[in-house]
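Report on the following structure.
The values are calculated or read from the model by the stated rules, or taken from the named source; none is laboratory data. Every value quoted in this text rests on a predicted model; they were computed, and no experiment measured them. Here the Cβ positions follow ideal geometry from the backbone for every residue, glycine too, while neighbour counts run over all protein chains shown. Quick note on the areas: whole protein, heavy atoms, side chains included, nothing else; ligands and nucleic acids left out. Shrake-Rupley method; radii C 1.70, N 1.55, O 1.52, S 1.80 Å.
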Amino acid sequence: GAEASFVARTVDSDRKHLTEVLRAAADHNGTALIEIYQNCPIFNDGAFETLEDKTQAQEAVIRLEHGRPIRFGTDQHKGVVRDPATGDLHVVEVTEDNEDRILVHDAHATSPTTAFALSRLADPDTLDQTPIGVFRTIERPVYDTLMADQLDTAVEQKGKGDLATLLAGNDTWTV
């Protein structure tokens, strides 16, 4: 919703996936937002069992991979489609009739709309249909680069500043 340039979700118990997501975030030029589903034995023990248990996870977890159709389930029998009337995303049973409608994940899409819609697919009570992976990763200028460019432009146009001249100059106030 805030149009972050890197957004991902992973689960702490899936070390391989967690490492891949953290590496991608570290390689990203800019701020990275990662939601990590992490078990807390005090406050939410077992809250993410559905995503951690290998058998249940095959049916519940949607693994997002850039450039690949968004399909999941034991035999990839479920997929994500966009409703042509509303633009909303829905999970459907994949059939010959709807197979060409299965959404292909584009983590590099300029608009954050699909990434946001994917993040909202999970059932909050059962965690069924929980997407994990990189929702969005786009390249755009970062604050440090923009600020350095702005300073360079000011020096080119007005020359290097002199603090002593500024303080002793005529542009001062008496309070």
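At a 1.4 Å probe radius, carbon and sulfur cover how many percent of the accessible area of the stretch 57-175?
Carbon plus sulfur share of accessible area: 52 percent.
What net charge do the residues around residue 70 carry, taking every other residue with its C-beta under 13 Å from that of residue 70, with Lys and Arg at +1 and Asp and Glu at -1?
+3
Below 8 Å, C-alpha to C-alpha, sequence gap of six or more: please give me the relative contact order for the chain in percent.
Computed over the chain, the figure is 24 percent.
May I ask for the net charge around residue 116, where only other residues with Cβ less than 14 Å from the Cβ of residue 116 are counted and Lys, Arg are +1 while Asp, Glu are -1?
Taking every Cβ under 14 Å from that of residue 116, the sum is 0.
Mind checking which aspartates and glutamates have their Cα closer than 15 Å to the Cα of residue 160? Skip sequence neighbours fewer than 8 apart in that chain.
Reachable aspartates and glutamates: 149, 152.
Which one of 72, 113, 103 has its Cα pushed farthest toward the positive end of the charge dipole of the stretch 53-144, where Lys and Arg give +1 and Asp and Glu give -1 at the Cβ?
Farthest along the dipole direction, towards plus: 113.
Need the list of aspartates and glutamates near residue 16 for cross-linking: C-alpha distance under 17 angstrom, and skip anything on the same chain fewer than eight residues off.
In chain and number order, the partners are 27, 35, 52, 53, 65.
Give me the accessible area per residue for the stretch 40-175, probe 1.4 Å, as a whole number in Å².
Roughly 71 Å² per residue, with all protein chains present.
Check cross-link reach from residue 78 to the lysines: straight Cα distance under 19 Å, and skip same-chain residues fewer than eight apart.
Filter leaves 54.
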